[in-house]
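Trainee: Shown below is the structure under consideration.
We did not get these values from a lab; they are worked out from the coordinates using the rules stated. Keep in mind that this is a model prediction, so the values were computed, not measured. Here Cβ is always computed from backbone atoms with ideal geometry, including for glycine, and neighbour counts include all displayed protein chains.
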Amino acid sequence: MSRESVMHLAIYDAFPEVNGVIHAHPKYANVFAALAVVPTSGYTEKFGQVRVVPPLPAPFTQLAEAVVAALAPCRGELVPHGLALILAWHGVITVGHDLNDALDILELIEWSAHTMLMANLLAGIAEPQFIATPSS
């Protein structure tokens, strides 16, 4: 059992429709444990701005309760897709219909984080150059 087991079990107890929970510390998304991740493509638009749970000690029930409370208002979104939360100063948690769904969400959030970081690095260097598409 990990120190975050209480959080995982609390999610499964509160959301019987969830059959997959992943808690991770991905290299790009974890940067946003101090910020927030916003949609960067059509693939991540459905998640909106990823909610941030305030910093709480992991091995205690406060973190588990805060995660369940942050997921509860979004419960309806679990039907079409899973959900993600940033755990401030800690990492990311994703929930889905199964582990594959939770992993897919983690990868999408990580890609958005990477895109945001790279876009911000390029912001001061050059204006984006878009190739015009032929009109129909």
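Trainee: What's the extension gain from Ala72 to Ala119 if we count 0.36 nm per residue and subtract their Cα-Cα distance?
Mentor: Between Ala72 and Ala119, full extension yields 13.7 nm more.
Trainee: Moving on. With each label point set 7 Å from Cα along the Cα-Cβ vector, what nm distance links Val31 and Ala14?
Mentor: About 2.9 nm, to one decimal.
Trainee: What is the distance, in nm, between label points placed 7 Å from the Cα along the Cα-to-Cβ direction at His97 and at Glu45?
Mentor: Result: 2.2 nm between the two label points.
Trainee: For the stretch 5-123, give me the percentage of DSSP beta bridges that are antiparallel, rounded to the nearest 5 percent.
Mentor: That works out to approximately 75 percent antiparallel.
Trainee: Collect residues whose amide H, placed 1.01 Å from N in the peptide plane, falls under 5 Å from the amide H of Gly20; neighbours closer than 5 in sequence don't count.
Mentor: The answer is Gly96, Asp98.
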